[in-house]
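Notes follow once the structure below has been shown.
No value in this document is a laboratory result; all are computed from the given coordinates. Here the structure is a predicted model, which means the values were calculated and not measured. Note: ideal-geometry Cβ built from the backbone for every residue, glycine included; neighbour counts use all protein chains shown.
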Amino acid sequence: MRVVVTGGAGFLGSHLCERLIERGERVVALDNFVTGAAANVAHLQDNPRFELHQVDVTRDVTVDGDVDLVLHFASPASPVDYLELPIETLEVGSIGTMHALALAKDKGARLVLASTSEVYGDPEVHPQPETYWGNVNPIGPRGVYDEAKRFAEAVTLAHRNTLGVNTGIVRIFNTFGPRMRPNDGRAIPNFIRQALAGEPVTVAGDGSQTRSICYVDDLVTGILTMADSGHAGPVNIGNPHEISMKDLAEWIISLTGSSSVIQYIPRPVDDPSVRRPDTTLAQELLDWQPQVAIEDALLRTIDWFRAEVATAHITEPPLDARETAHILAGH
């Protein structure tokens, strides 16, 4: 197949590109490099089946030649990013999604939308099944991300039901693994970075709030299984392994062998109290469930961070300097 991956140089997008290349597919990765980085797919650049192009999907999505599958993963995804980039986040969820859908319609391709567990907001139903409508504050600081994804789901279904576009929606729960940015505002990279540096590990509130964490390899398998199916979704893709933030911080401190202590900081506005996917639908429709043990996954991620720190490869994209075309060698 020839697959277009929007956000292909981001954390999840780069892992999707890598897996697709391993499967023997041809991949066209599109990214504007606001939160993604060409370094995430540098190891694929010499493969003749891989292309990387700097594209802002809110302006246009044009790809020459045949396209069989569009994976729409372009969006800021961490609180640090979408709170700094609220307009861009809303635009990529709305205009960007419509452009990706137009490409899929024009090419007769299937499109899979990366939605999020954030559509459930601070849930009053636990665990969260796909039938739950959510509890989202549309005017709160997190609303720019939550509502962008809720709109993206609505416009995706509208294109499927009205225009006959072959679409699928995956609701992604908290995911971690190599290539996460150490300062992206999400718990696991923050905890690992702080523990490796021997700094206080900062836990929001009293640390009792929970998340369900899934290793990126499992998530990619679930997404591509959904892509290979004909199902419309939405389907929850995540690991039901639920853990409090305090327990997660203590676990990471132990696994890193760090002397760090926990430091409690104010809890963000509208921070969800609980999060756990009901994955019954994924098991029944896709025969999918996570395979990687969380401790093994955390150790792999810690080893990656430790190696990157040791070789000084970890960098943050310059959010205050958007011009990054120079990093695209040969494209």
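Points to keep in mind about this one:
- Shape class for the range 1-115, computed from the alpha carbon gyration tensor (a ≥ b ≥ c): oblate, with a/c not under 1.5 and a/b at or below b/c.
- Residue order, fewest to most surrounding Cβ atoms within 10 angstrom, among 226, 98, 245: 98, 245, 226
- One equal scatterer on each Cα of the chain, no solvent, Debye formula: the resulting log10 I(q)/I(0) at q = 0.06, 0.07, 0.09, 0.10 Å⁻¹ is -0.19, -0.26, -0.44, -0.54.
- Per-residue ellipticity at 222 nm computed for the chain from its helices equals -11000 deg cm²/dmol, with DSSP H segments shorter than 4 residues left out and the rest contributing -39,500 (n - 2.57).
- Taking a straight line from the alpha carbon of residue 246, these aspartates and glutamates sit under 17 Å away, with near neighbours fewer than eight places off in the same chain left out: 199, 206, 271, 295.
- Share of alpha-carbon pairs per 5 Å distance bin for the range 1-66, given as whole %: 4, 20, 34, 24, 14, 3, 0
- When the Gaussian network model of the chain links Cα atoms closer than 10 Å, the mean-square fluctuations of 24, 134, 185 top out at 24.
- Ranking of 225, 162, 97 by count of other Cβ atoms within 10 Å, fewest first: 162, 225, 97
- Cα gyration tensor category, rounded, prolate or oblate, for the range 85-153 with a/c compared to 1.5: oblate
- For the range 220-231, putting each phi into the Karplus relation 6.51 cos²θ - 1.76 cosθ + 1.60 with θ = phi - 60° gives couplings of 4, 4, x, 5, 6, 5, 5, 4, 6, 8, x, 6 Hz, in residue order, rounded to whole numbers and with x for Gly and Pro.
- Across the range 271-276, coupling constants 3J(HN,Hα) worked out from phi with the 6.51/-1.76/1.60 Karplus curve, θ = phi - 60°, read 5, x, 7, 9, 7, 7 Hz, and Gly and Pro carry x.
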